[in-house]
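Below is one structure, written out as structure tokens, with a few remarks after it.
The values are calculated or read from the model by the stated rules, or taken from the named source; none is laboratory data. Just so it is clear, the structure is predicted and the values come from calculations on it, not from any experiment. Heads up, the Cβs are rebuilt from the backbone with ideal geometry, glycines too, and the neighbour counts pull from every protein chain shown.
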């Protein structure tokens, strides 16, 4: 049984050489195009067959009641679901009156390819219709990085075996019929036909639909215009109904003389603006796209991506699949973030409706680090979105009886949508994750303006939260009780180590930032006493540690729980949360995803090397990786503690999460954070990238490069203080090269050195420490990489 | 604003002297009649106005999907709701074509009275119709204790100011329209019109309806027959439709010549039996009732209650309201339990739909102790019901990965219906509560046959649960992690003291019982090794204790949590769970209901007197009594630790929970456990009743009587080993008198003594220890009793 599509291994593209209808939904996710504002799943041009049709606009959602069989105070009443907006990618084809549907007739050839350098999804197919007519179909599709509201398609059809009459229907379709959703009828109602028609237009080659969501009241407009090239027989008409606007082009074709259609689509939405305003906005965007033309859009797209790759590319030698995977990953991370413009980066980007299109903590903890070091100018936008939602977060804090701001665990518009508080509201660490993403961005870019405004607000409000959430005990130790850390197989614990460490950083960074911007701090009513309270709480923060085991505790008492009985857990019972109740998972030593390990990644200065080694080994034996967020963190700590083969295996898992559909849910959208984790595993793992804090601010970048046997070379570039530093690692040395700018001090395996733009500096790689191989829970050892020199051999049990 | 009905204070009845429509629903609950099989709320005869119409049959429920915005493994998918069955109590009246509806016209007088000795609800009214005609209406209603399927009504109407034509419509009505329920439409669908018509019959004076529930598939039949007495003009006809069967009696009346109708109603239901079988069953029951006649039913009811009161009455001198309240309480406890016959005793009995008609742990922990000491022959039935649900409980244990049986937190038919697992599934203590209720019953009655069968099964399966739920740590201490104790403001804790102590008793009792019934134990596969494992776990059970405070911990680490900020909590924010999120309640020292205090009540031998005093004072300061289950336990421990005035105040709270509607939800049904708590507060509190365990079995009853100043006398009778012991306490001495049977050894304030049936034994009361007054959270001191000699003075803050 094939459960995921298979692709050829190529350095700069993802190519599928035949169509497998069983895994169509997965391929729609990996071939999704987006610019962070518009998202188009990789659906076939003709609309059907499909796994999940999808056209999304960042922020466009519908609300629905959240049902509780037993409610509670502070439970969010309203959920939000990203909806499928007007679909502008549909181009249906009739060949002699036979609709082109690849489930019927015969597919002679079918190839799709996503080019990471051009940003174009190409498709070619040869198809024999049920009555025997053979046609060639080709299309190219882009969602523009440079014209944010615009997407475009070139569509060509040509008969191969004689004259044919074709009809091509290019459409805008609202309220597309979706695969049926089980469950609460009120939730289904919110997503099944979410759009109410406001305006429908079709004239000459121009189409337009304007709709409004029923409850959330968002106005969504889509417009299209077309260029048609074909033989003299070519004719077209345009028609519209409330939910469809359609251009129908007919032509009598002969081999060698294709019909070619260029479709320019523009989108706009607003919760505030009037119908004429939104209507004009999309018409204007289409007109601009027509004026730029297809070739112009293609050239601009290429240019945009050339600049991106110059700063972001990671070269990997020795494992062609990883080389491809990291570029696939970076391309999709860019697509999720490029033009969001003060909107969230959802967990699935705009590639599918998984997690209802919600944004979680992984944006700040996994995606933003990668963007900060590669395309830092994309980072303020998602953080400004968080900043824009501060009023909702302050209101949520007030509702929970806390000071400052409490950001939602999952949301589209800033309101909490998590309906299970032990793994939602209680996961307060998201607040530090957001605050420290702002600190990281400022530390790496020196963007003082951002720090003074958004940064300071985010830090102060989160510091206030932490101070009110925790309390001092009789000995003066500061505890944070009743919270849930990153590991979702534990909940409502005391002193989660990750949370406490992040809160400590958060409190210190807030205390620092208010000393740098006293006027703004005064505006927020922060005085020296308040800042002193933050510093004190940070200084006295509890750090649970089991002396007899010599390891940190994930939370107070964690190491005293019963160990999960891994030997009695058959492979088919993973992921555990689908086969065991939370009550049992929560009270045993079993870990869904990196928690202490993530703490060591995020706050490395808080641990000695020996503590890292012991902690890593201890938690490695308990971590089952039922979350896609885990492997990348484990890769980094495995690399840092010298377990390079293990790190390499985890890199493979993070990198192939979607390409190999490891969690069997790529159909719902890509795991953007795991894709970002591919970069993290390579750069923070094998590159050993680490920010070194001085008084809570990052002043120094360190590297501790070391490659696994299988990789002969890894090279990457990081943005730092407006400069670009290239690091090129092989088995014996690392070469540091400043692409531009003033000399830069960095650390190489702890030793300071200065890199200039004049000439590269080479440093030898020290040998890795030799430590016993950490053990994973039975059956949860990561699959090794298949290449012979990288073979990950399963030790005997 | 009157928020509860007001009643005259009388020793043997509850009398309401005027009708207050604002609090109609509350009065319907307190005037509800039941025999544990049939429940009729105290609705007005004519059906409207009503607060909540209600006719219930123990066990008749409908299923509905349980909605989860975020589901989880092991979450129950199906909920159950007790439904309003065919209403047999409706007798509508038309006076010269004007329907008698007390919202219109003028009510000259209206009195209702529930007599605890006759078991009859009487009503008299004088009403002026909108066109000026005055009538007297009277009715008497009973639900028979002796003929389980039968209820009966005598209804009389008489004009007072001249000739009148009346029509009386006596009905059986299915699918009565109920007040609208908000929330999930699928749940509303399950309760709004739950009955599907199968048969409808009306002939002469006989009526019958047979229905079936849509999803749970339970067949419900009701039949009625009538005796009509009136002037010669009296005529009647019977008619039926699918949901109503109706006898209409018309008569031309003059003053002094009333129309009198006697209505006999019979109910039956089955999930298995055929329509003819159920149909015959109710017809037969009605025929038997007609044969007994109204006077016969009344005499049998009186006789049944005379025997009940002989064994159960508690006499209280010095506080007439408490005297009334304890009889009201005992009457309703009896009504909930009398003829359930292998069905549950729901939390609200059959007095309303609160908690969906579910049965919880309070049946075993509050209701069964009272029944065990007063009407012990009612106790096996609800325990046999638990025993009958063992297959479902074993299946639930299997689903949760545990051994033995896991009883549901809330249920009608034995399947778990709790949709919030931290306060449902995690509250494992219910399993020990059930097991120890069986042990208590056997210990007090010597019912070996019950012990050998139901008792042994319940003990073995729960012991297996505890052994698998807990684990030994490296030092060999046995811990039970991740559970929730009685206090619902804490959850998912380690080593809840109450749970651990009850589990310890449970494990020991199981190990004991298998040695007494080795053949039956072998049938269950229990060998000596397994029993030894139970004894070991019991012996090494963790008992969390804070050495520096010198108090037991409610759960491990509880005393280290931050204290709830009671000073910042305004009175209107109670109950806290309606104003603060669980996340905050769970992580702070704040207690909804007795937990350690309940542990000291249930397992007194585990604590020294000094520990009891310190624990009581410590937890008293944290307990807000947002549960009706708390006051009675606090009364007992207050009395045991010498705080007699405080105990008296808590007795008042438990006793008046429903009569004064202290929690503002008596409209949904009575708090049967709190009613039982009235007896517990008096008998275990001021009587100091305590079972003294020897090797896990109760061999000895102890008393430590002591009265608060305000009470001059408390006397009660307890059933013990087939005998009845009367204890009569005044301010200076206790008099012990054996009503019948062989001499009995008991303890008086710890000193052994023998009581014989020949003559009473007097013993002086030692003075109470003098200890500082415990403090409650600000504003949560219980209201004192109002009588001058019992004045509970608020100390200065």
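Structure values in brief
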{"read-out": "Hey, residue B:619 farther than 24 Å from residue B:502 by Cβ and either crowded, with 18+ Cβ neighbours inside 10 Å or touching a helix residue (DSSP H, G or I) at 6+ places or on another chain (Cβ under 6 Å) (or both) or not", "value": "no"}
{"read-out": "Index of the failed condition, residue A:280 passing every other in (1) out of contact with any helix residue (DSSP H, G or I) (no Cβ under 9 Å at 6 or more places or on another chain); (2) in contact (Cβ under 8 Å) with a residue 12 or more places away in the chain; (3) under 30 Å from residue A:216 (Cβ atoms)", "value": "(2)"}
{"read-out": "Matching residues, the range A:385-423, being without any contact (Cβ under 8 Å) to a residue 60 or more places away in the chain and within 8 Å of another protein chain (Cβ to nearest Cβ)", "value": "A:401, A:420"}
{"read-out": "Criterion: closer than 19 Å to residue A:706 by Cα and either modelled with pLDDT under 95 or not in a helix (DSSP H, G or I) (or both) - qualifying residue of A:688, A:652", "value": "A:688"}
{"read-out": "3 or more residues within 30 Å of residue A:7 (Cα to Cα) and over 21 Å from the mean Cα position of the chain (by Cα): qualifying helices (runs of 4 or more DSSP H) within the range A:274-384", "value": "A:275-312"}
{"read-out": "Total residues in the range A:640-649, condition assigned to a loop (DSSP other than H, G, I, E, B) and closer than 14 Å to residue A:710 by Cα", "value": "1"}
{"read-out": "Residue in the range B:5-14 that is more than 25 Å from residue B:408 (Cβ to Cβ), in a helix (DSSP H, G or I), away from chain A (no Cβ under 14 Å) and in contact with a helix residue (DSSP H, G or I) (Cβ under 9 Å, 6 or more places away or on another chain) present", "value": "no"}
{"read-out": "Residue A:446 vs. criteria out of contact with any strand residue (DSSP E or B) (no Cβ under 9 Å at 6 or more places or on another chain), modelled with pLDDT under 95 and more than 14 Å from every other protein chain (Cβ to nearest Cβ)", "value": "yes"}
{"read-out": "The range B:35-58, subset outside any loop (DSSP other than H, G, I, E, B) and touching a helix residue (DSSP H, G or I) at 6+ places or on another chain (Cβ under 9 Å), residue farthest from the other protein chains (Cβ to nearest Cβ)", "value": "B:39"}
{"read-out": "Evaluation of residue A:235 against (1) under 30 Å from residue A:161 (Cβ atoms); (2) surrounded by fewer than 16 Cβ atoms within 10 Å (Cβ to Cβ); (3) under 31 Å from the mean Cα position of the chain (by Cα) (one fails), failing number", "value": "(3)"}
{"read-out": "From the options A:439, A:412, A:406, A:483, residue that is surrounded by 24 or more Cβ atoms within 10 Å (Cβ to Cβ), over 30 Å from residue A:586 (Cα atoms) and not assigned by TED's automatic domain parsing to the domain that holds residue A:76", "value": "A:439"}
{"read-out": "Residue list for the range B:154-183, filter: part of a loop (DSSP other than H, G, I, E, B) and farther than 18 Å from residue B:239 by Cα", "value": "B:160, B:161, B:162, B:163, B:177, B:178, B:179, B:180, B:181, B:182, B:183"}
{"read-out": "Test for residue B:223: is it crowded, with 22+ Cβ neighbours inside 10 Å and not in a loop (DSSP other than H, G, I, E, B)", "value": "yes"}
{"read-out": "Only listed residue being within 14 Å of chain B (Cβ to nearest Cβ), in contact (Cβ under 8 Å) with a residue 12 or more places away in the chain and part of a helix (DSSP H, G or I), chosen from A:598, A:585", "value": "A:585"}
{"read-out": "Wholly enclosed strands (runs of 3 or more DSSP E) of the range B:710-791 bearing at least 1 residues within 18 Å of residue B:686 (Cα to Cα) and under 28 Å from the mean Cα position of the chain (by Cα)", "value": "B:713-720, B:723-730"}
{"read-out": "Any hit, the range A:79-97, residues being modelled with pLDDT under 95 and over 30 Å from residue A:410 (Cα atoms)", "value": "yes"}
{"read-out": "Residue under evaluation residue B:145, criteria (1) more than 31 Å from the chain's Cα centre (by Cα); (2) assigned by TED's automatic domain parsing to the domain that holds residue B:306; (3) closer than 30 Å to residue B:217 by Cα, criterion not met", "value": "(1)"}
{"read-out": "Only one of B:414, B:455, B:401 that is modelled with pLDDT of 95 or more, out of contact with any strand residue (DSSP E or B) (no Cβ under 9 Å at 6 or more places or on another chain), assigned to a loop (DSSP other than H, G, I, E, B) and over 16 Å from residue B:74 (Cβ atoms)", "value": "B:414"}
{"read-out": "Matching residues, the range A:529-544, being surrounded by fewer than 14 Cβ atoms within 10 Å (Cβ to Cβ), touching a helix residue (DSSP H, G or I) at 6+ places or on another chain (Cβ under 9 Å) and over 13 Å from residue A:503 (Cβ atoms)", "value": "A:532"}
{"read-out": "All positions within the range B:21-34 that are assigned to a helix (DSSP H, G or I) and in contact with a strand residue (DSSP E or B) (Cβ under 8 Å, 6 or more places away or on another chain)", "value": "B:27, B:30"}
{"read-out": "Counted residues, the range A:486-522 - those being within 14 Å of chain B (Cβ to nearest Cβ), surrounded by fewer than 24 Cβ atoms within 10 Å (Cβ to Cβ) and in contact with a strand residue (DSSP E or B) (Cβ under 8 Å, 6 or more places away or on another chain)", "value": "1"}
{"read-out": "The listed residue being farther than 23 Å from residue B:13 by Cα, modelled with pLDDT of 95 or more and crowded, with 24+ Cβ neighbours inside 10 Å, out of B:43, B:35, B:58", "value": "B:58"}
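Listed here are the residues, each with its yes/no results for (1) part of a helix (DSSP H, G or I); (2) more than 27 Å from residue A:424 (Cα to Cα); (3) modelled with pLDDT of 95 or more.
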| residue | (1), (2), (3) |
| --- | --- |
| A:531 | yes, yes, yes |
| A:534 | yes, no, yes |
| A:538 | yes, no, yes |
| A:543 | no, no, yes |
| A:549 | no, yes, yes |
| A:605 | yes, yes, no |
| A:611 | yes, yes, yes |
